[in-house]
Ligand SMILES: C[S@@+](CC[C@H](N)C(=O)[O-])C[C@H]1O[C@@H](n2cnc3c(N)ncnc32)[C@H](O)[C@@H]1O
């Protein structure tokens with residue numbers, strides 16, 4: 001686990017960006033994303049980098065008793081807030097672990113949502129390989145941010161040394177990375193509305 005990054009995110013738990021409620025526009029972006037991936041209530045969802053559990057709460061509320069969510073984060077402080085926020089839901093499990101150390105079943109999940117976390121994966125190829133293996137053949141992977149890649153990279157450059165280098169790869173690099181790890185990028189938007197990538201498992205990798 002990247003200890004300095006975990007310490008930085010611990011220090012951010014009460015910051016405005018981590019704890020305020022979503023705006024109407026952000027909620028619209030989340031619902032649009034769920035529509036685009038064909039979200040259904042019964043889905044089993046993995047949410048690495050859940051932070052204070054804001055998206056987790058939305059997903060848990062939508063899923064009801066049919067679906068389930070495994071949320072994880074490297075920051076003990078973030079996980080603590082998530083656990084408090086999600087205490088009324090019995091369809092959510094929250095773990096304090098890096099994505100890279102989770103014990104995940106092969107073909108366990110219908111949907112993986114990397115919400116404002118993808119640039120923070122230290123080894124993106126490794127993270128994607130793990131996510132590929134735990135997705136069902138029909139599963140889909142989402143990378144979503146409320147700001148575009150230029151702004152993401154700019155914000156990180158000006159932040160703590162532990163996340164300074166955490167950048168969103170460029171368009172071509174992203175396609176390459178996903179292709180190399182067995183995904184097909186179905187959609188990549190990087191504009192004023194933010195960043196949204198949706199990928200599915202490539203047909204030639206479905207036997208693996
Ligand atoms: C920018 S925050 C976003 C939090 C939340 N998804 C949100 O949108 O409010 C990124 C989160 O990812 C977590 N994180 C960073 N690297 C991670 C990893 N390898 N595995 C799991 N969580 C990670 C951090 O601790 C932090 O809480």
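Just so it is clear, none of the values below were taken in a lab; they were calculated from the coordinates. Just so it is clear, the structure is predicted and the values come from calculations on it, not from any experiment. Ideal geometry is used to build each Cβ from the backbone, glycine not excepted, and the neighbour counts take in all protein chains shown.
Highest mean first, what order results for 17-27, 147-157 on Cβ atoms within 10 Å?
On the way: 17-27: 11.9, 147-157: 16.1.
Packing order, densest peptide first, comes out as 147-157, 17-27.
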Tell me the Rg and the Dmax, in Å, that the Cα atoms of segment 14-57 produce. 11.8, 33
Please list, in order, the residues from segment 25-54 whose amide nitrogen is less than 18 Å from a point placed 7 Å along the Cα→Cβ vector of residue 138. 34-46
Rounded to the nearest Å, the spacing of the alpha-carbon centers of segment 159-208 and segment 75-89 is 28 Å
For segment 22-87, treating each Cα as an identical point scatterer without solvent, what Debye log10 I(q)/I(0) comes out at q = 0.13, 0.17, 0.21 1/Å? -0.35, -0.60, -0.90
Limiting things to C-alpha atoms, what are the Rg and the maximum Cα-Cα separation (Dmax) for segment 44-162, in angstroms? 14.2, 42
How much mean residue ellipticity at 222 nm does the chain get from its helices, if each DSSP H run of length 4 or more adds -39500 (n - 2.57) and you divide by all residues, to the nearest 500 deg cm²/dmol? -10500 deg cm²/dmol
With each pseudo-label sitting 7 Å past Cα toward Cβ, what's the residue 192-residue 23 distance in nm, one decimal? 1.3 nm
Gain in span if fully extended, residue 202 to residue 100, counting 0.36 nm per residue against the direct Cα distance: 34.5 nm
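Using alpha carbons only, what's the Rg to Rh ratio of the chain with Rh from Kirkwood? Please list the in-between numbers first.
Values: Rg = 15.8 Å, Rh = 17.1 Å.
Over the Cα atoms of the chain, Rg/Rh equals 0.93.
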Residues in segment 8-45, backbone N under 19 Å from the label point at residue 160 (7 Å along the Cα-to-beta-carbon vector): list them, ranges by number please. 8-20
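Can you tell me what share of the DSSP beta bridges in the chain is antiparallel? A percent to the nearest 5 is fine. Don't jump to the answer; show the numbers that get you there.
On the way: 14 of 31 bridges.
In the chain, approximately 45 percent of DSSP beta bridges are antiparallel ones.
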FRET efficiency for residue 150 and residue 76, using Cβ-Cβ distance with R0 set to 30 Å, rounded to 0.05: 0.40
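Cut-off is 10 Å between beta-carbons; in what order do 123, 73 appear when sorted fewest neighbours first?
Details: 123 10, 73 28.
Final ranking by Cβ density, sparse to dense: 123, 73.
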